[in-house]
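Undergrad: There's a structure below that I have some questions on.
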Amino acid sequence: MTATVDEPTLTTLEERARAGTGTFGEDHLIVCDSLVRIYQSEGVEVQALQGLDLLVEQGELVAIVGASGSGKSTLLSVLSGLDVPTAGRVRVGDWDLMAMSARQRVDYRRSMVGFVWQQTARNLVPYLTSTENVAFPLALAGIRRRDRARRAAELLDVLGVGYCADRRPGQMSGGEQQRVAIAVGLANAPQVLFADEPTGELDTATSHDVLEGLRTVNRELGTTVVVVTHDPGVSEHVQRTVAIRDGRTSSEVVRRTQTHDDGTEHVVAEEFAVLDRAGRVQLPQEYRETLELAGRVRLALEESHVSVWPDRPRPAAAPAPAAPAPTAPAAVAPAEDPGAAPTPAAPRAPRQAAPTAGPDDAEETR
Ligand SMILES: Nc1ncnc2c1ncn2[C@@H]1O[C@H](COP(=O)(O)OP(=O)(O)OP(=O)(O)O)[C@@H](O)[C@H]1O
């Protein structure tokens, strides 16, 4: 066949490919792309982040949860500009955190992001009142005294601690101190607020107030909030809970409000497994144990999903069950608890010869 004038040139194809694929997360405020952070400790290598992908949209309120040692604090250190990852790409707004100079890093931390830490002593100056604590970063930014006082009063009111304006940290409860700390973190109107275990030292009722404070800030000021926590109650207060396991995002719980026919509204929480850019999915431990999945598994492409089978001889004629297969995403069940594994779906016979997958390959994909 001879070439026609309409056939695209290599350059055209390259341009089309670039226009079609776009950059991973280009519409998002926060982009973590295949982040790796390796620590060297006494000659031993620790991989704290193992190719972590995370996207956060402008205006979102997201919680990051995970077992101790899963990499949450490392991720927050990277996002807050305190640490530089070993490999990958990380961007917050227009700031490329892999390529910032020391000076840009200071500017980023002063203007783009705010912080709330677990220890109140790290958030507040003990001999300053709440108003003075909030005004302090404003003074460093060169804001006039009158405007500082006004901004401090506004923020303390939004956080419901206006009555603490003239109190020092020692004269407030832990929850009040953390809400003042949120106001301090917001003083310079950052686009993103990072909170690292802000309820770690609080009881359940007080934690609730602090998490509600973060929600108020997100809703009323439009600030994007990323909160790292062990607090199992956090998923009630956020739109999205991202679970990290072994330095990678493993699952997400998304909360949506559904309106029923009678007009009543209900919040529905649904758990998803995260499919990373390389096509990897972490199968919940419960699934692996129940079906004794280990080493390698068989995959079968179904009409609407992919099934995963143990690497064992199948019964000669494994009939497909009458019940319909679950709809995509595979193996996802509603769950309130972000740590809870989704309910395993009933397996059905593969319709075709299935490829095998090693532990480093995709365990389940769609
Ligand atoms: N500075 C460091 N040097 C060596 N290893 C480190 C360092 N910081 C963290 N790690 C290791 O990296 C892994 C992830 O740690 P990280 O603190 O990010 O976890 P985490 O999920 O925040 O845990 P926790 O909830 O207990 O704070 C752990 O194995 C930890 O021991």
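Quick note: the coordinates plus some simple rules give every number you see, no bench work behind them. These numbers were taken from a predicted model, which means no experiment stands behind them. Cβ: placed from backbone, ideal geometry, glycine included. Neighbour counts: every protein chain shown.
Undergrad: Excluding residue 292 itself, what net charge comes from residues whose Cβ is under 10 Å from its Cβ, given Lys and Arg +1 and Asp and Glu -1?
TA: Details: positive: 288, 312; negative: 289, 311.
My count for the surroundings of residue 292 gives 0.
Undergrad: Please tell me the relative contact order of segment 30-254 in percent, rounded to the nearest whole number, where contacts are Cα pairs under 8 Å and at least six residues apart. Don't skip to the end; give the middle numbers.
TA: Values: 445 pairs, mean separation 65.4, N = 225.
After rounding, I find 29 percent.
Undergrad: Need one word for segment 30-254: rounded, prolate or oblate. Basis is the Cα gyration tensor (sqrt eigenvalues a ≥ b ≥ c); a/c below 1.5 gives rounded, then a/b vs b/c decides.
TA: Numbers: a/c = 1.85, a/b = 1.47, b/c = 1.26.
It is prolate, given that a/c is not under 1.5 and a/b is the larger ratio.
Undergrad: Which shape class applies to segment 102-147: rounded if a/c is under 1.5, otherwise prolate when a/b exceeds b/c and oblate if not, where a ≥ b ≥ c are the square roots of the Cα gyration tensor eigenvalues? Spell out each step's value before the answer.
TA: Values: a/c = 2.58, a/b = 1.14, b/c = 2.26.
In terms of gyration-tensor shape, oblate.
Undergrad: Beta carbons within 10 angstrom, averaged per residue: use that to sort the peptides 109-116, 277-284, highest first. Write out the running numbers ahead of the final one.
TA: Values: 109-116: 20.0, 277-284: 16.9.
Top of the packing list down: 109-116, 277-284.
Undergrad: Could you tell me what % of all Cα pairs in segment 134-255 have separations over 26 Å? Spell out each step's value before the answer.
TA: Details: 1694 of 7381 pairs.
For segment 134-255, the share of Cα pairs beyond 26 Å comes to 23 percent.
Undergrad: Karplus couplings for segment 206-215 from phi (6.51 cos²θ - 1.76 cosθ + 1.60, θ = phi - 60°), rounded to Hz, Gly and Pro as x?
TA: 5, 4, 4, 4, 5, 5, 5, x, 5, 5
Undergrad: Taking θ = phi - 60°, what integer Hz values does the Karplus form 6.51 cos²θ - 1.76 cosθ + 1.60 yield along segment 73-80, in sequence order, with x for Gly and Pro?
TA: 3J(HN,Hα) across segment 73-80, in whole Hz: 5, 4, 4, 5, 4, 5, 5, 8.
Undergrad: Follow-up. Compute the relative contact order of segment 26-122 as a whole-number percentage, counting only Cα pairs closer than 8 Å that sit 6 or more residues apart in sequence. Show your work: numbers first, answer last.
TA: Numbers: 133 pairs, mean separation 28.1, N = 97.
The normalised contact order for segment 26-122 reaches 29 percent.
Undergrad: Regarding segment 118-173, what's the average projected area of the Cα-atom convex hull, expressed in nm²?
TA: So the Cα hull casts an average projection of 3.9 nm².
Undergrad: Let me ask something else. Taking H as built 1.01 Å from N, whose amide H comes closer than 5 Å to the amide H of residue 53, not counting residues under 5 places away?
TA: Those lying under 5 Å, H to H, from residue 53 are 34, 35, 249.
Undergrad: How many percent of DSSP beta bridges within segment 30-254 run antiparallel, rounded to 5? Walk me through the intermediate numbers first.
TA: Values: 23 of 40 bridges.
Here the antiparallel bridges make up roughly 60 percent for segment 30-254.
Undergrad: So if I take the centroid of the Cα atoms in segment 225-259 and the same for segment 136-163, what is the distance between those two points in Å?
TA: So the two Cα centres are separated by 31 Å.
Undergrad: Oh, and also: In terms of modelled amide H atoms, which long-range or inter-chain residues lie less than 5 Å from the amide H of residue 193?
TA: Excluding prolines and chain starts, which carry no amide H, the hits are 114, 224, 225, 226.
Undergrad: Please tell me the relative contact order of segment 77-138 in percent, rounded to the nearest whole number, where contacts are Cα pairs under 8 Å and at least six residues apart. Provide the component values of the computation, followed by the final result.
TA: Values: 30 pairs, mean separation 12.9, N = 62.
Relative contact order for segment 77-138 comes out at 21 percent.
Undergrad: Under the rule of at least 5 residues apart or a separate chain, name every residue whose amide H is placed under 5 Å from the amide H of residue 282.
TA: Under 5 Å from the amide H of residue 282 lie the amide H atoms of 274, each far enough along the sequence or on another chain.
Undergrad: Compute, for segment 39-174, the length of the dipole vector about the Cα centre, with Cβ point charges of +1 (Lys, Arg) and -1 (Asp, Glu) only. Units Debye, rounded to 20. Write down the numbers at each step before the final one.
TA: Values: 16 positive and 14 negative charges, 144 e Å.
Approximately 680 debye in magnitude.
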